[in-house]
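One structure below.
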Amino acid sequence: MERFFEEKIVPDVIDAAPLQLLGVTYDETFSIEPGIITTPTQVQNEPTIKFAGEPGIFYTLIMHGMYQRLPIDPDAPSRKNSINGEWQHWLIVNIPEGRVSEGDVISEYIGAGPPKETGLHRYIFLLYKQKSRQDFGLPRLSCSTTKGRAKQKVREICSRYHLKNLVAGNFFQSEWDDYVPKLYAKFR
């Protein structure tokens with residue numbers, strides 16, 4: 001998981017790299033390897049997440065983006081000018097064992113949408129083990145809204161909800177392509 005250090009996800013977003021690789025696959029054929037460069041077109045649809053969950057254990061999946069550099073975009077609006085900090089693309093909590101589809105979706109998936117001429121942005125998937133099923137008390141965010149997604153720091157989420165055990169992770173990098181205006185048009 002050296003790529004987490006090379007691309008400065010450690011220490012920008014998390015303090016230590018995950019020990020296991022989180023399986024992330026788009027459109028059943030495009031698998032994410034740590035640090036791979038993608039286009040927003042390639043990652044526009046919600047991916048399939050695979051991991052070997054433990055019986056009776058619940059998990060939280062966080063995807064953030066970094067607009068320098070939250071499912072985070074810590075690089076918003078650019079890697080050098082990170083005023084929006086981490087941006088939450090996807091948040092699912094109370095995932096039983098390894099069954100992501102049975103978890104509680106807090107923030108619906110929004111794919112990569114880096115602004116034009118801002119370079120590569122990092123998009124990070126982190127899987128945390130929960131102590132038990134819990135009520136996060138967070139409002140549900142639809143994929144048609146950006147409200148409530150900016151400046152959502154992974155460290156703060158983990159502290160607030162006692163997510164101490166990072167189980168697995170993965171990330172990709174992406175920069176603007178002609179799909180981004182279509183993505184922005186979906187937001188209210």
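Any idea how many residues of region 4-61 are among the aliphatic types (A, V, I, L, M), modelled with pLDDT of 95 or more and under 16 Å from Trp90 (Cβ atoms)?
Matching residues across region 4-61 total 6.
Taking the condition over 22 Å from Pro47 (Cα atoms), at pLDDT below 95 and not small (Gly, Ala, Ser), does Arg188 pass?
yes
Find the residue count for region 164-177, including only residues that are under 15 Å from the mean Cα position of the chain (by Cα) and under 23 Å from Ser132 (Cβ atoms). Outline the logic, then answer.
First, pick out the residues of region 164-177 that are under 15 Å from the mean Cα position of the chain (by Cα): 166-174.
Cutting the leftovers down to under 23 Å from Ser132 (Cβ atoms) gives us 166-169.
Final tally of qualifying residues: 4.
Examine region 36-50 for a residue that is touching a Lys or Arg at 6+ places or on another chain (Cβ under 9 Å) and at positive phi, and state whether such a residue exists.
no
Which residues, counting only those in region 22-57, are in contact with a strand residue (DSSP E or B) (Cβ under 7 Å, 6 or more places away or on another chain), assigned to a strand (DSSP E or B) and over 18 Å from Val154 (Cβ atoms)?
Residues satisfying the conditions are Gly23, Thr25, Ser31, Ile36, Ile37, Thr38, Thr48, Lys50.
Going by the conditions given, is Gly119 surrounded by fewer than 19 Cβ atoms within 10 Å (Cβ to Cβ), farther than 16 Å from Ile62 by Cβ and of a type outside the set (D, E, K, R)?
yes
Got a sec? Which of Lys80, Lys153 is under 19 Å from Ile9 (Cβ atoms), touching an Asp or Glu at 6+ places or on another chain (Cβ under 8 Å) and either of a type outside the set (Lys, Arg) or modelled with pLDDT under 95 (or both)?
On the way: Lys80 fails: touching an Asp or Glu at 6+ places or on another chain (Cβ under 8 Å).
Just one listed residue meets the conditions, Lys153.
Which residues, taken from region 114-130, are part of a loop (DSSP other than H, G, I, E, B) and modelled with pLDDT under 95?
Correct list: Pro114, Pro115, Lys116, Glu117, Thr118, Gly119, Leu120.
The values are calculated or read from the model by the stated rules, or taken from the named source; none is laboratory data. All of these numbers come straight from a predicted model, not from anything done at the bench. Every residue, glycine as well, gets a Cβ built from its backbone with ideal geometry; the counts of neighbours run over all protein chains shown.
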